[in-house]
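Inspection log for the structure reproduced underneath, given as structure tokens.
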Amino acid sequence: MRYATETARRLGLDATTVAAVQLGALCHDIGEIRIPESILRKPADLTREEWDIVRQHPVLGAKVIQQVTALQEVVPAILHHHERFDGQGYPGKLQGQKIPLSAQIVAVVAAFQAMTSDRPYRPARSTEQALSELRRNTGTQFNAEVVEAFVAVHEAILASESRTLELDLTPLLRPRQAIQARV
């Protein structure tokens, strides 16, 4: 969440969009609650049918967040965080600047986090390997501008003493607007 927030700030996004990126980074995989655990934790390659199920999680997650009126600006980050800059992603096969910038940021940060974490099917990669992989995939999977902003933020965070970030959603909430689920 911190990397996404700071990357959004580095890219000069307004406070509302930064807050949407922040919450999008926190909730981007919320749709996985509807994916069977046996698939998510499978220690081997997924079958085509299993991949089809996993690829549903952005749509499922967006449906969850859409129920909260005050969080509509977070939906694009969740729905489109698996789009690819070359148009080969999912669920909408969006390409380039048609992908919401919030989703592009979440995609880079989520990919870095995934690469540097142990998975049931492979060990974690080093930070250097993950950063190299992000750079190698600019222009195809990722927006180069977002990757370079993320790399700069990563270096700045490592150099700083403070490693905490508070969740501030006030820019998303309009005055007197409470978070309410649609019925």
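FYI, it's all coordinate maths here, none of it is from the lab. Given the structure is predicted, the values throughout are model-derived calculations rather than measurements. Using ideal geometry, Cβ is built from the backbone for each residue, glycine included, and neighbour counts are taken over all protein chains shown.
Would you check which residues across segment 67-84 are among the polar types (S, T, N, Q) and assigned to a helix (DSSP H, G or I) and list them?
As a first pass, look at segment 67-84 and keep what is among the polar types (S, T, N, Q): 67, 69, 72.
Once the filter is applied, which keeps residues that are among the polar types (S, T, N, Q) and assigned to a helix (DSSP H, G or I), segment 67-84 yields Thr69, Gln72.
Please determine whether any residue of segment 25-39 is buried (at least 21 other Cβ atoms within 10 Å of the Cβ) and of a type in the set (Gly, Ala, Ser). Full working, then the answer.
Going residue by residue through segment 25-39, those that are buried (at least 21 other Cβ atoms within 10 Å of the Cβ) are 25, 28, 31.
Filter again for of a type in the set (Gly, Ala, Ser), leaving 25, 31.
Scanning segment 25-39, I find at least one residue that is buried (at least 21 other Cβ atoms within 10 Å of the Cβ) and of a type in the set (Gly, Ala, Ser), so the answer is yes.
Let me spell it out: the conditions are (1) more than 13 Å from the chain's Cα centre (by Cα); (2) under 20 Å from Ala149 (Cβ atoms); (3) of a type in the set (Val, Ile, Thr), and Ile99 meets all of them except one. Which number is the exception?
(1)
Consider Ala70 carefully, then state whether it is of a type in the set (A, V, I, L, M), touching a residue at least 40 places away in the same chain (Cβ under 8 Å) and more than 21 Å from Ala144 (Cα to Cα). Full working, then the answer.
Numbers: of a type in the set (A, V, I, L, M): yes; touching a residue at least 40 places away in the same chain (Cβ under 8 Å): yes; more than 21 Å from Ala144 (Cα to Cα): yes.
So Ala70 passes the test.
When residues of segment 45-66 are filtered for being part of a helix (DSSP H, G or I) and surrounded by 14 or more Cβ atoms within 10 Å (Cβ to Cβ), how many remain?
Of segment 45-66, the ones part of a helix (DSSP H, G or I) are 48-54, 57-66.
Among the residues that remain, those that are also surrounded by 14 or more Cβ atoms within 10 Å (Cβ to Cβ) are: 50, 53-54, 57-66.
Counting residues in segment 45-66 that are part of a helix (DSSP H, G or I) and surrounded by 14 or more Cβ atoms within 10 Å (Cβ to Cβ) gives 13.
Among the residues of segment 16-31, is there at least one that is within 13 Å of the chain's Cα centre (by Cα), over 24 Å from Ala149 (Cα atoms) and of a type outside the set (A, V, I, L, M, F, W, C)?
Yes, the conditions are met somewhere in segment 16-31.
Which of the residues belonging to segment 83-104 are of a type outside the set (A, V, I, L, M, F, W, C), in contact with a Phe, Trp or Tyr (Cβ under 9 Å, 6 or more places away or on another chain) and within 21 Å of Val54 (Cβ to Cβ)?
Once the filter is applied, which keeps residues that are of a type outside the set (A, V, I, L, M, F, W, C), in contact with a Phe, Trp or Tyr (Cβ under 9 Å, 6 or more places away or on another chain) and within 21 Å of Val54 (Cβ to Cβ), segment 83-104 yields Glu83, Arg84, Gln104.
Of all residues in segment 109-148, count the ones that are of a type in the set (Val, Ile, Thr) and either within 25 Å of Lys42 (Cβ to Cβ) or part of a loop (DSSP other than H, G, I, E, B) (or both).
Looking only at segment 109-148, we keep the residues that are of a type in the set (Val, Ile, Thr), and these are 109, 116, 127, 138, 140, 146-147.
Remaining after also requiring either within 25 Å of Lys42 (Cβ to Cβ) or part of a loop (DSSP other than H, G, I, E, B) (or both): 109, 116, 140.
The total comes to 3.
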